[in-house]
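Working notes, structure below.
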Amino acid sequence: MSSPRSELARYLRTETVGGSLLLAAAAVALLWVNSPWGEGYLTLTETRLAIAPLHLDLTLADWVKDGLLAVFFFVAGLELKRELVVGELADPKRAALPIIAAVGGVVTPALIAYGIGFGVEGMDRGWAVPVATDIAFALAVLAMTGSRIPASARVFLLSLAVVDDLMAIVLIAILFTAGLAFTWLLVALACCAAWWFAQHRRWCSPLIYIPLALLCWYALHEAHIHPTLAGVACGLLTRVRSDEGEDEAPATRWEHKFQPISAGLCVPLFALFASGVPINGEVLGDLFTERLSLAIILGLLLGKTTGIFGISWLAIRTGLAKRPANLGYRDMFALSVLGAIGFTVSLLVAELALEDYPESAELAKAAVLVTSMAASLIGSALLLRRGRVHQARRDADALEPEQ
């Protein structure tokens with residue numbers, strides 16, 4: 001008989017459960033911050049928690065965004081590594097598609113936003129606001145509404161979103177970093193090398209990996225690079241093939257352990273602390289009249305969708321990449337719409353790019369939120385429709401007489 005703890009872990013590994021918790025937390029935050037008790041929410045998120053010996057002085061929102069979310073990126077890195085080595089992306093042409101799609105999904109929104117917002121205060125860097133896809137939210141929507149879509153859809157969206165966010169983090173480092181601390185960057189690279197070496201030598205003790213992960217996170221933070229990158233790096237450096245006589249490879253074993261923590265705690269808390277965007281009547285009135293907000297709205301919704309789908313279609317047609325198994329172009333279009341869920345990374349870029357223009361920053365964040373909600377609803381509707389089509393095909397195949 002399984003223990004209650006193992007049953008809870010199994011329950012949290014169900015993607016629809018994790019997606020439900022994430023979306024519920026986001027709804028709570030949005031309602032809370034726009035309620036009469038909104039000051040309490042802002043006070044909570046802005047409460048500072050310092051670790052003086054390490055010179056870490058972050059708000060609770062930052063600890064969740066930079067700290068707990070690294071666990072989610074670690075799980076995403078493990079899954080991506082498995083797909084690259086033994087899964088859908090083991091075929092180089094299939095692996096190339098999400099990378100190409102991510103490039104289109106970054107360049108096109110940036111060009112649209114820059115073109116529409118040219119000359120507007122803050123848009124010299126604000127064009128970067130719509131370039132990011134929120135991995136956690138996009139996967140949550142896919143889990144909630146795309147359960148009948150082939151599994152290759154999740155692999156494509158995960159790979160696309162990871163590459164997309166890595167590119168966004170690089171942009172943040174280039175545009176908004178006061179100065180890169182190369183010494184700390186070298187420390188982070190040394191941690192990654194040590195992680196790989198320990199995996200190569202088949203060392204299993206958590207006393208090796210936990211300190212390495214924490215030091216890598218801290219080193220990237222001190223190097224002024226988004227520290228969640230440590231999670232992706234450690235995941236991608238983890239062994240996914242099991243040795244003879246080994247029950248599970250480290251990647252599989254750690255994914256089973258950390259995925260429930262990520263889905264049940266880290267991602268919902270991240271949504272709770274990131275989704276509280278105040279929206280008032282004045283902001284809503286400016287959303288569809290100000291060039292700043294229009295640049296972000298069209299950059300995300302139009303730029304992301306056309307950029308991801310358009311360059312994917314072109315890459316497949318020219319033979320540079322292969323279409324994901326069992327997915328049609330209409331399925332890929334629905335997934336491209338989910339790519340327009342910018343949310344947390346876009347909110348972060350808006351804060352950094354428009355920090356000298358507080359009113360513009362609030363308008364930009366409202367535009368990101370509204371557009372991400374629209375992309376969620378449109379993408380969900382398209383996925384549900386495509387799910388019915390795939391289910392009808394499976395039912396028809398099941399009814400065919402055996403030859």
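Counting neighbouring beta carbons within 10 Å and listing from fewest to most, the residues M167, M332 come out as M167, M332. Diagonalising the gyration tensor over the Cα atoms of the range 39-172 and scaling each eigenvalue by 5 before taking the square root yields semi-axes of 30, 23, 15 Å, largest first. Taking a straight Cα-Cα cut-off under 24 Å and skipping sequence neighbours fewer than 8 places away in the same chain, the lysines within cross-link reach of K304 are K65, K93, K322, K365.
With +1 on the Cβ of every Lys and Arg and -1 on the Cβ of every Asp and Glu, and nothing else charged, how large is the dipole of the range 38-128 about its Cα centre, in debye rounded to the nearest 20? Walk me through the intermediate numbers first.
Working: 7 positive and 11 negative charges, 75 e Å.
Once rounded to the nearest 20, the dipole reads 360 debye.
Once divided by 2.2 N^0.38 Å, the Cα radius of gyration of the chain becomes 0.99.
Given Cβ point charges of +1 (Lys, Arg) and -1 (Asp, Glu) and nothing else, what value in debye, to the nearest 20, does the dipole of the range 219-344 about its Cα centre take?
Working: 10 positive and 11 negative charges, 113 e Å.
For the range 219-344, the charge dipole is close to 540 debye.
Shown is the FRET efficiency for S147 and L302, computed with R0 = 30 Å from the Cβ-Cβ distance and rounded to the nearest 0.05: 0.60.
Using only Cα atoms, what Kirkwood radius does the range 204-300 have, in angstroms?
Numbers: mean 1/r = 0.0576 Å⁻¹.
Evaluated on the range 204-300, it is 17.4 Å.
Within the straight-line cut-off of under 19 Å between alpha carbons, the lysines reachable from K257 are K81, sequence neighbours fewer than 8 places apart in one chain being disregarded. Among the GluC sites (Glu not before Pro) in the range 218-289, those placed in a DSSP loop whose Cβ has at most 10 other Cβ atoms within 10 Å are E244.
Would you please name the trypsin sites (Lys or Arg not before Pro) within the range 234-269 that are DSSP coil residues with at most 15 other C-beta atoms within 10 Å of their C-beta? Could you put the intermediate results ahead of the total?
Details: sites: R239, R241, R253, K257; in loops: R239, R241.
Sparse-neighbourhood loop trypsin sites (Lys or Arg not before Pro): R241.
When the Cα positions of G281, Q259, A271 are compared along the charge dipole of the range 237-302, G281 comes out farthest toward the positive end, with charges on each C-beta of Lys, Arg, Asp and Glu.
Applying a 10 Å radius around every beta-carbon, put 74-86, 127-139 in order of their mean neighbour count, most first. Let's see the in-between values first.
Details: 74-86: 21.8, 127-139: 28.5.
Peptide ranking by packing, descending: 127-139, 74-86.
Under a 5 Å amide H cut-off, with hydrogens placed 1.01 Å from N, G342 pairs with D134, S372 among residues at least 5 apart or on other chains. When each of E39, E351, E362 is scored by the number of other beta-carbon atoms lying within 10 Å, the sequence from fewest to most is E39, E351, E362. Largest GNM mean-square fluctuation across T289, T371, T108, computed for the chain with C-alpha springs under 10 Å, falls on T289.
Using packing as a proxy for protection, rank 17-28, 52-63 so that the peptide with the highest average count of other Cβ atoms within 10 Å comes first.
On the way: 17-28: 19.1, 52-63: 13.4.
Sorting 17-28, 52-63 by mean packing, highest first, produces 17-28, 52-63.
The amide H of T59, built 1.01 Å from its N in the peptide plane, has L49 as neighbours under 5 Å, considering only residues 5 or more places off or on other chains. Put a plus charge on the Cβ of each Lys and Arg, a minus charge on the Cβ of each Asp and Glu, and nothing anywhere else: the dipole of the chain about its Cα centre is then about 1280 debye.
At 222 nm, what helix-only mean residue ellipticity would the chain give, in deg cm²/dmol to the nearest 500, using -39500 (n - 2.57) for each DSSP H run of four or more? The partial results should precede the final answer.
On the way: 19 runs with 276 residues, N = 403.
It comes out at -22500 deg cm²/dmol, rounded to the nearest 500.
More than 17 angstrom separation, counting every C-alpha pair in the range 359-401; what % is that?
Values: 499 of 903 pairs.
Looking at the range 359-401, the distances longer than 17 Å represent 55 percent of pairs.
Using C-alpha pairs under 8 Å with a sequence gap of at least 6, the mean separation divided by the residue count of the range 82-220 gives a relative contact order of 22 percent.
Computed from the coordinates by the stated procedures, all read-outs in this text should not be read as laboratory data. As the structure is a prediction and not an experimental result, all values here were calculated from the model. Note that each Cβ is placed from the backbone with ideal geometry, even for glycine, and that neighbours are counted across all protein chains shown.
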